[in-house]
Structures are given as C-alpha cells and as structure tokens.
Amino acid sequence: MRFDVITLFPEVFAPHFVHGVTRRAFAPDRIDVRLWQLRDFGDPPHARVDDRPYGGGPGMVLLAEPLVRALAAIRAERSEAVPAPVINFSPAGRPLRQLSVARLAAGAGAILLCARYEGVDQRFIDAHVDLELSVGDYVLSGGELPALLLLDAVARLQPGVLGDARSHEQDSFSAGLLDCPHYSRPEHSPTLGDVPEVLLSGHHGAIERWRRDRSLELTAARRPDLIAEARDAGRLASDDEALLSGRNPVKL
Ligand code: 4F9
C-alpha cells in the first residue's frame, strides 16, 4: 500500500511514523508513505505555489498548475493499472468515517492533498480530486492533521499492528455503536468504587449482554444518529430494542 502526500510541510509527518503501535505499519513494505514538497513544483522564478483570489477577499489560494505538476510526478512514479484516488481534506468534504477508513485500508493507497491558505483553485479539484473528506465541523490551518488522522486510522487496521487480531473488531464504530466502558485492577477502590459485578462473574453471555447494553445506552445518549442508522441497517435485535425502549427483557 502506498500513500503519496502533497504538502508544504513534509517535516510535520515524520515523527508520526516512528512512534507508537502504528510505527510498524509504516515500514516501507507495509504502508509506504512518500512526502512531496509542493514548493518543488512551484512557478518560477520563486517557486510560487499560491496567489490572491480572483474577485478579492482575504487569504491565498493554492495555484492549480503546481498541483498538476506534483500530481503528474506522483502518477509517473506510481504507474498503476487502476489510478489511486486523489483525496483533498476540506471542511466541505464528506465526513470521514470508519467504513471509508476500512475500505482504504483494504486498497492500494491514495494521493493525499494537504491544502493550506484559504483553499485550492477549484479547477484542480474539478479535474483531479476524486474525494473530499472532512474530519469534523471546524476549521484548521491546513490539511496536514487530517491527512495524519487518516493515515493513523488506516495504519492501525493493518494486520499485526494491534497486538490482538480482534482488537479492531471491538472498536467503537466497527459495530456502528460507541464502545462500552472498560475496567481493570483493582476490583475495589475506596475512592473510585467497584468494578461492575457482572464483569467478574465469568459468565461470558452475561458479560457480552452487559457490554452491548452499555454501548446501546451510551450511543443513544450521545449519538442518536448512530442508533437510527443501526436500526435502518437492521443491526438492532429485539433484545437491543428492548433495552433502548427501557423495558426489561424477561430473564428466565
Ligand atoms: C479539513 C477541516 C478537514 C476539517 C482544511 C482547513 C479541514 C481543513 N476537516 N481546515 N483546511
């Protein structure tokens, strides 16, 4: 898998590839990340990459032509049968979600455009960008952090990166719900209280039910949109609906 990143700040990326559990995923034989300094493709004589917007207004716009040259250089190096998608990060993009992360993690990679300033000449986006992604409803100073978010989310899905192969099957969102609470030692704490009994019971079925119920409650309280989505997709069973309705399922 290969990601090519177009950025004016390549030095921001390096530290993220050498620390933490995802470090293993960024070995060249796993996820090969190539950083491309947009300035190298700037307009002569001063390697210009941005200019003022037509029509006036604040800020600067990334010029289309340096981006076209950078993309051509990347495409030439990738030389692939199926061209990798070009992704631009923008608050106007589609929200980045675990499903798209999982799809990207199963593919051959992508070309990530990290824009700065007020934006990108729309003609480059129209001609060359396949997908615009948002990482939340707020404005950042550029696309570098969103690109790092995406790379981190993809990296942790690579086989062997998380210690336990099942870790990410139990993530928030893999089931489309928020994760349940977790507890570890000590069982009893005079100041922090006790671990819920059921988790110490050794009763696997009861533990699974408890976890599912807490996930459902938390999701209903904080992200009712995810409950509606799970319901529409047929991912809620009658026990789940009983918990959500506040009725207690009959215990035999
Ligand atoms: C991109 C914000 C994706 C949120 C890019 C300024 C951005 C962003 N999600 N803000 N440039």
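In region 191-210, the count of residues that are hydrophobic (A, V, I, L, M, F, W, C), surrounded by 10 or more Cβ atoms within 10 Å (Cβ to Cβ) and closer than 14 Å to Gly176 by Cα is zero.
Residues in region 90-149 that are over 21 Å from Pro66 (Cα atoms) and of a type in the set (Ser, Thr, Tyr): Ser100, Ser134, Tyr138. Only a single criterion out of (1) under 23 Å from Leu145 (Cα atoms); (2) aliphatic (A, V, I, L, M); (3) surrounded by fewer than 17 Cβ atoms within 10 Å (Cβ to Cβ) is not satisfied by Ala81, namely (1).
Quick grid of which residues meet (1) touching a residue at least 24 places away in the same chain (Cβ under 8 Å); (2) at positive phi; (3) within 16 Å of the ligand (Cβ to nearest atom); (4) touching a helix residue (DSSP H, G or I) at 6+ places or on another chain (Cβ under 6 Å):
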{"residue": "Gly93", "(1), (2), (3), (4)": "yes, no, yes, no"}
{"residue": "Leu113", "(1), (2), (3), (4)": "yes, no, yes, no"}
{"residue": "Phe124", "(1), (2), (3), (4)": "yes, no, yes, yes"}
{"residue": "Asp137", "(1), (2), (3), (4)": "yes, no, yes, no"}
{"residue": "Glu144", "(1), (2), (3), (4)": "yes, no, yes, yes"}
{"residue": "Ala153", "(1), (2), (3), (4)": "yes, no, yes, yes"}
{"residue": "Gly163", "(1), (2), (3), (4)": "yes, no, no, no"}
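May I ask you to list the residues in region 96-111 that are free of Cβ contacts under 8 Å to residues at least 40 places away in the same chain and either in contact with a helix residue (DSSP H, G or I) (Cβ under 7 Å, 6 or more places away or on another chain) or within 16 Å of the ligand (Cβ to nearest atom) (or both)? Once the filter is applied, which keeps residues that are free of Cβ contacts under 8 Å to residues at least 40 places away in the same chain and either in contact with a helix residue (DSSP H, G or I) (Cβ under 7 Å, 6 or more places away or on another chain) or within 16 Å of the ligand (Cβ to nearest atom) (or both), region 96-111 yields only Ser100. Across region 34-69, the number of residues qualifying as surrounded by 19 or more Cβ atoms within 10 Å (Cβ to Cβ) and in contact with a His (Cβ under 8 Å, 6 or more places away or on another chain) comes to 1. Return yes when Gly163 is under 22 Å from the mean Cα position of the chain (by Cα) and surrounded by 13 or more Cβ atoms within 10 Å (Cβ to Cβ) and no when it is not. When the stated conditions are applied, Gly163 does not pass them. Considered as a group, the residues in region 1-28 that are of a type in the set (Val, Ile, Thr) and touching a Leu at 6+ places or on another chain (Cβ under 9 Å) include one that is surrounded by the fewest Cβ atoms within 10 Å (Cβ to Cβ), and that residue is Val21. Listed residues Thr22, Thr7; which is among the hydroxyl-bearing types (Ser, Thr, Tyr), in contact (Cβ under 8 Å) with a residue 60 or more places away in the chain and under 20 Å from Ala102 (Cα atoms)? Of the residues listed, the single one that is among the hydroxyl-bearing types (Ser, Thr, Tyr), in contact (Cβ under 8 Å) with a residue 60 or more places away in the chain and under 20 Å from Ala102 (Cα atoms) is Thr22. Checked against the criterion of being among the β-branched types (Val, Ile, Thr), surrounded by 19 or more Cβ atoms within 10 Å (Cβ to Cβ) and farther than 30 Å from Asp164 by Cα, the candidates Ile87, Ile74, Ile31 yield just one match: Ile87.
Looking only at region 90-148, residues that are over 16 Å from the mean Cα position of the chain (by Cα) and among the aromatic types (Phe, Trp, Tyr) come to 2 in all.
Any residue in region 176-189 that is buried (at least 17 other Cβ atoms within 10 Å of the Cβ), assigned to a loop (DSSP other than H, G, I, E, B) and within 16 Å of the ligand (Cβ to nearest atom)? Please lay out each step first, then the result.
We begin by selecting, within region 176-189, every residue buried (at least 17 other Cβ atoms within 10 Å of the Cβ); these are 176-178, 180.
This time we only want the ones that are assigned to a loop (DSSP other than H, G, I, E, B), so: 176-178, 180.
Narrowing the set further to residues that are within 16 Å of the ligand (Cβ to nearest atom) leaves none.
No, region 176-189 contains no residue that is buried (at least 17 other Cβ atoms within 10 Å of the Cβ), assigned to a loop (DSSP other than H, G, I, E, B) and within 16 Å of the ligand (Cβ to nearest atom).
No value in this document is a laboratory result; all are computed from the given coordinates. For clarity, every value in this text was computed on a predicted model and none was experimentally measured. Neighbour counts run over all protein chains shown; Cβ positions are idealised from the backbone, glycine included.
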